[in-house]
Amino acid sequence: MNHKRVYRLYREEGLSVRRRKRKRVASVARIPRPAPERPNQRWSMDFVSDALASGRRIRVLTVIDDFTRESLATEVDTSLPGLRVTRVLDRLVGERGLPELITVDNGPEFAGKTLDAWAYAHGVHLHFIDPGKPVQNAYIESFNGRLRDECLNEHWFMSLPAARDIVEAWRDDYNAVRPHSALGNRTPEEFAEQMARKTPVGL
C-alpha cells in the first residue's frame with residue numbers, strides 16, 4: 001500500500017477531510033478601555049487551573065474589582081460552567097451591587113448564552129478581549145499570577161474542601177493584610193473603604 005493507491009481509493013470513495021468548526025467567539029466590538037475611576041465601574045473574571053493530590057483537576061473562578069484591586073471571589077470546584085458563573089455573580093451583586101462592565105476572555109463559560117442572558121437582564125456590559133491577548137485583561141492576569149505563585153504552587157490540596165479553605169484564606173489575606181503599591185501602599189480593603197467615604201450617596 002503506497003500513497004498513490006491510498007489517494008486513488010480516497011478519490012473513488014468520495015472521501016473528504018472533516019472540517020473543524022471555528023471556535024465560537026463573542027461578536028462584541030473590542031476596543032481599548034480606559035483605566036477605571038471608581039469602585040464597581042469594571043470587574044474582571046478569569047479561570048485558573050490546578051489539581052488535587054489525587055490528580056483530579058480543579059478550576060478557580062477569579063473575580064476582581066479593577067479599581068480597588070479587591071478579590072471579590074475565588075470559586076473553587078471541579079467544574080464551573082456558565083450557570084455556576086452567574087450564580088457567583090448574583091452573590092456578589094447582592095453583597096456590593098452591579099458592576100457597569102465585566103472584562104472576560106473568549107472561553108465557553110463567558111462567551112456562551114448563559115452569561116450573555118445574565119448580563120442583558122442586569123444591564124451589565126461584557127467586554128471580550130481579543131483572542132490570544134491576555135494582556136488586554138492585565139488586572140486579572142496579574143492577580144492570577146499572584147494566586148498561582150503564592151497559593152496554588154505552595155500547597156498540596158488533599159481534597160476539594162481543603163482547596164476551598166486554603167484559597168479563601170489566601171484571598172482574605174490578599175484583601176485585608178497585604179498593601180498594594182498601586183493603591184498607595186494600602187490594602188484593597190483599606191482603599192475600598194476610603195473610596196466609599198469619598199463617594200457621595202446615590203452614586
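The values are calculated or read from the model by the stated rules, or taken from the named source; none is laboratory data. Note that this is a predicted model, so its numbers are computed, not measured. Note: ideal-geometry Cβ built from the backbone for every residue, glycine included; neighbour counts use all protein chains shown. Note: areas computed on protein heavy atoms with side chains; ligands, DNA, RNA excluded. Shrake-Rupley method; radii C 1.70, N 1.55, O 1.52, S 1.80 Å.
The set of residues in the stretch 164-203 being more than 19 Å from I140 (Cα to Cα), open to solvent by less than 60 Å² (accessible area, probe 1.4 Å) and in a helix (DSSP H, G or I) consists of I166, Q194, M195.
In the stretch 88-115, the residues that are without any contact (Cβ under 8 Å) to a residue 60 or more places away in the chain reach residues that are open to solvent by 30 Å² or more (accessible area, probe 1.4 Å) and in a strand (DSSP E or B) with C-beta atoms within less than 6 angstrom, at least six apart or across chains, in these pairs: V88/E75. The residue list R164, R171 contains one member that is in contact (Cβ under 8 Å) with a residue 40 or more places away in the chain and under 17 Å from R56 (Cα atoms), which is R164. For the subset of the stretch 108-163 comprising residues that are assigned to a loop (DSSP other than H, G, I, E, B) and β-branched (V, I, T), which member is surrounded by the most Cβ atoms within 10 Å (Cβ to Cβ)? That would be I129. Checked against (1) hydrophobic (A, V, I, L, M, F, W, C); (2) under 12 Å from the mean Cα position of the chain (by Cα); (3) assigned to a strand (DSSP E or B), I58 passes all but a single condition, namely (2). For the stretch 62-121, the set of residues classified as on the phi > 0 side of the Ramachandran plot and either among the β-branched types (V, I, T) or in contact with a Pro (Cβ under 7 Å, 6 or more places away or on another chain) (or both) consists of R69 only.
The set of residues in the stretch 39-49 that are assigned to a strand (DSSP E or B) and open to solvent by 20 Å² or more (accessible area, probe 1.4 Å) comprises R42, F47, S49.
Scanning the stretch 172-186 for residues that are within 21 Å of the chain's Cα centre (by Cα) and over 14 Å from T68 (Cα atoms) yields a total of 2. Would you be able to tell me the number of residues in the stretch 57-77 that are more than 17 Å from E193 (Cβ to Cβ) and open to solvent by 30 Å² or more (accessible area, probe 1.4 Å)? Counting residues in the stretch 57-77 that are more than 17 Å from E193 (Cβ to Cβ) and open to solvent by 30 Å² or more (accessible area, probe 1.4 Å) gives 3.
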